[in-house]
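The values are calculated or read from the model by the stated rules, or taken from the named source; none is laboratory data. Since this is a predicted model, take the numbers as computed values, not measurements. Cβ: placed from backbone, ideal geometry, glycine included. Neighbour counts: every protein chain shown. With ligands, DNA and RNA removed, areas are computed over all heavy atoms of the protein, side chains included. Shrake-Rupley method; radii C 1.70, N 1.55, O 1.52, S 1.80 Å.
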Amino acid sequence: MTEHLKAFFRPHFAVLMVALLALPGQAFAEGGEEGGLPQLNTHTYGTQIFWGLVLFVVLYLLMSRVALPRVGEVLEERSKRITGDLERAQQLRAETEALVVYYEEGLAKARAHAGQVISGVNHELSAATNHRLDEVGKALAKKIETAEKRIAKAQAEAMGEVRNVAVDVAATVLDKLVGISDREQVTSAVDRVMGERA
Amino acid sequence: MAGPIEQFEIVPLVKLPLGLDYTNSALWMTLAVVGSFAVMLLGMRGAKTVPGRFQSVSELLYEFIAGMVRDHAGHKATPYFPFVFSVFIFVLFGNALGMIPWAFTFTSHIIVTFTLAAMVFIFVTLLGIYKHGLHFFSLFLPEGAPLALAPIIVPIEIISYLSRPVSLSIRLFANMMAGHTMMKVFAGFSVSLGAALGVAGYTVGILPIIINVGLVGFEFLVAFLQAYVFTILTCLYIRDALELH
């Protein structure tokens, strides 16, 4: 980079060279007293070297003893604080992650427990339902049985009644028409007919 | 009208014996010391973890040079950071204060820049001898160079080593002097045009002023850049002394 810059500043050097070529004759001819390039006046060298060194040493002492340590301290404190904060953040993050794991474990346990409870309740409920259905079925079957018995009985009674009526009607008809009043014979005839029909 | 060279005149302000007068040059050196110290301290007054504007300035300067020392002089050079920093801030303030109108630019004097360069040179040489003893002089024979070539290489290396303070001081002084002379020449050109040609001259005289505006900006760049170059070379010399190539 400095090479480029050097080339870049060549105009400066050109001007300088002109100044140096134009003026030194005078400067040296007059013993560097007046009129020449002030930079070549050797009479001023003593004071410039002296004050340059003295003031540089003063500057060095001020900087190395007072100013730089103060800045360095602040910078160090900042970098310490930043690393401290980063560490704390890391730690908090680790804690958070542990908490998340703990929470998820708890959640999984709770879910499993809830599943168990639900399946238990389902089981109980279906058992109870089946039991009730069983009971109701049995009760209904009993009622149906008694009802069927009653119906059969009523049917039998009704059939008996019909036979008696038929025997009575037949006997009366026979009696009136032909004067036969043999109840035994009529009854057996009716029974025979009813047996054929049934 | 003052000539372009008059700005470099050394004027005694307080007469002292042995020719050690307190001059305008010394005054501006004092201002550079006080100014740079003030800049560094002002920002650090009630320093906070989150820096304000002034604090940022001092921290930026600090970290700029600390980084330069780390990158170009190596980790072993940390103890010499205050020295490098002082060199940088002294040259930077010398150059920058010189941009104030009517100010004196003490870095435009070869004897000042040579004193600084010689100081760096002596410091670096003593540092090398202190760290490596006589082995330090192996710096003049690069490793791997055939011994037969030593009679040629060693004198060349010695000359290049000795020319360090010369190039260091002339680079800075020449840049500052040439730049300031050029600004003055262009400014003086406007005035001369006006004096010679009247109204027409003043009208045309705007041109050198426009150029001068550019030059002033350019000079600010040079002021910083030359301080930077001076410092970075100091860092490289320190690295050479510490590591011997």
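Restricting attention to the stretch B:1-38, the residues that are open to solvent by less than 50 Å² (accessible area, probe 1.4 Å), out of contact with any strand residue (DSSP E or B) (no Cβ under 8 Å at 6 or more places or on another chain) and assigned to a helix (DSSP H, G or I) total 12.
Pairing residues of the stretch B:140-165 that are closer than 18 Å to B:V120 by Cβ with residues that are open to solvent by less than 80 Å² (accessible area, probe 1.4 Å) and small (G, A, S), at Cβ distances under 6 Å and at least 6 apart in sequence or on separate chains, gives B:P165/B:A117; B:P165/B:A118.
Between B:A66, B:A32, the distinction of being more than 8 Å from chain A (Cβ to nearest Cβ) and hydrophobic (A, V, I, L, M, F, W, C) belongs to B:A66 only. Residues in the stretch B:82-132 that are farther than 25 Å from B:A241 by Cβ, open to solvent by less than 10 Å² (accessible area, probe 1.4 Å) and among the β-branched types (V, I, T): B:T105 alone. Among residues of the stretch A:171-198 that are within 20 Å of A:M159 (Cβ to Cβ), those with a beta-carbon under 9 Å from a residue that is among the small types (G, A, S) and open to solvent by 90 Å² or more (accessible area, probe 1.4 Å) at least six positions away or on a different chain give the pairs A:A171/A:S181. With the condition kept exactly as written, say whether any residue in the stretch B:93-110 is at the interface with chain A (Cβ under 9 Å from one of its Cβ atoms) and among the hydroxyl-bearing types (S, T, Y). Yes: one or more hits. All conditions in (1) in a helix (DSSP H, G or I); (2) closer than 30 Å to B:G3 by Cα hold for A:G36, with the sole exception of (1). Taking the stated definitions as given, is A:G84 within 30 Å of B:V57 (Cβ to Cβ), in a helix (DSSP H, G or I) and at pLDDT below 90? For A:G84, the condition - within 30 Å of B:V57 (Cβ to Cβ), in a helix (DSSP H, G or I) and at pLDDT below 90 - is not met.
Close Cβ contacts (under 9 Å, 6 or more residues apart or on different chains) running from residues in the stretch A:149-162 that are assigned to a helix (DSSP H, G or I) to residues that are open to solvent by less than 100 Å² (accessible area, probe 1.4 Å) comprise A:M159/A:M194; A:V162/A:M194. Taken over the stretch A:78-94, the criterion of being among the hydrophobic types (A, V, I, L, M, F, W, C) and more than 11 Å from chain B (Cβ to nearest Cβ) is satisfied by A:L86, A:A89, A:L92, A:A94. Could you go through the stretch B:39-49 and let me know if any residue there is of a type in the set (A, V, I, L, M), under 26 Å from B:G188 (Cβ atoms) and under 19 Å from the mean Cα position of the chain (by Cα). Within the stretch B:39-49, not a single residue is of a type in the set (A, V, I, L, M), under 26 Å from B:G188 (Cβ atoms) and under 19 Å from the mean Cα position of the chain (by Cα).
Selection over the stretch A:58-104 of residues that are open to solvent by 70 Å² or more (accessible area, probe 1.4 Å) and either in contact with a strand residue (DSSP E or B) (Cβ under 8 Å, 6 or more places away or on another chain) or basic (K, R) (or both) gives a count of 6. The set of residues from the stretch B:69-81 being under 17 Å from B:F123 (Cβ atoms) and either open to solvent by 70 Å² or more (accessible area, probe 1.4 Å) or within 9 Å of another protein chain (Cβ to nearest Cβ) (or both) comprises B:K76, B:T78, B:P79, B:F81. Evaluated against (1) without any contact (Cβ under 8 Å) to a residue 12 or more places away in the chain; (2) at negative phi, B:M177 falls short on exactly one condition, (1).
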